[in-house]
């Protein structure tokens with residue numbers, strides 16, 4: 001099996017290379033940023049063929065946000081047979097969802113701090129290289145939570161989403177009515193519908209307007 005490692009920490013990259021090599025995988029490239037990962041896979045694809053798996057960190061230079069995961073998504077779109085195992089300290093929900101939704105074959109997402117055994121990690125690399133999956137339960141939990149939040153907001157009409165967006169800006173019903181050029185009563189009706197669709201029942205202890213805005217922001 002041929003593997004590519006994308007990790008900006010030199011020590012960790014060399015450690016992963018040694019670990020995989022000792023267990024029978026051939027590490028054909030080790031790079032420190034997302035663009036270098038894309039170039040490395042392209043060069044390998046033009047020569048000996050697409051590698052079996054890429055082990056990719058999420059946050060790499062230059063901005064240390066989501067360069068690795070974005071590069072992985074690009075590579076999966078271009079080379080669908082390339083297995084991608086994300087190994088990170090973080091769950092980057094947007095691109096993780098895109099990566100996992102693109103194909104159920106040959107993809108994994110593990111959290112560094114939750115890998116308890118070396119064998120567990122190397123087994124995951126091999127499984128992804130062979131077309132299987134390797135997902136940390138915490139990753140699944142967070143992505144399912146994002147999906148549920150999106151499903152809740154999907155029940156809102158475009159106008160209700162507008163109203164909720166203005167609520168999130170801190171505007172009163174009167175200010176929302178003026179911004180949308182509708183009556184105060186129409187805004188009250190939209191707000192009531194939003195509470196109903198988000199499952200926010202009237203309560204003496206909870207502020208429904210704040211809860212609705214939090215749901216919107218968390219989505």
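Put a dot 7 Å past the Cα of residue 161, heading toward its Cβ, do the same for residue 208, and the two dots end up 2.3 nm apart. Modelled this way, with points 7 Å down the Cα-to-C-beta line, the labels at residue 10 and residue 42 are 2.6 nm from one another.
Calculated mean residue ellipticity at 222 nm for the chain: -17500 deg cm²/dmol, from DSSP H runs with n ≥ 4 weighted as -39500 (n - 2.57), summed, divided by the residue count and rounded to 500.
As a rough footprinting exposure proxy, the listed residues 123, 52 were ranked by other beta carbons within 10 Å of their own, and the order from fewest upward is 123, 52.
Note on P(r) over Cα pairs in 10 Å bins from 0, in percent: of the candidates (1) 8, 35, 38, 17, 2, 0; (2) 9, 36, 34, 14, 4, 2, 0, 0; (3) 8, 29, 23, 14, 15, 9, 2, 0, the value calculated from this structure sits at (3).
When 112, 197 are sorted by how many other C-beta atoms sit within 10 angstrom of their C-beta, beginning with the fewest, the order is 112, 197.
Annotation: for a label point projected 7 angstrom from Cα along Cα→Cβ of residue 35, residues of segment 55-93 with backbone N closer than 12 Å are 61-63. Against the main long axis of the alpha-carbon atoms of the chain, helix 158-168 sits at an angle near 90°.
Remark: relative contact order (the chain) = 14 percent; criterion is Cα-Cα distance under 8 angstrom and separation of 6 or more residues.
Values in this text are rule-based calculations from the coordinates and carry no lab data. What you are looking at is a predicted structure, and each value in this text was computed from that prediction instead of being measured. For neighbour counting, all protein chains shown are included, and Cβ atoms are generated from backbone atoms with ideal geometry for every residue, glycine included.
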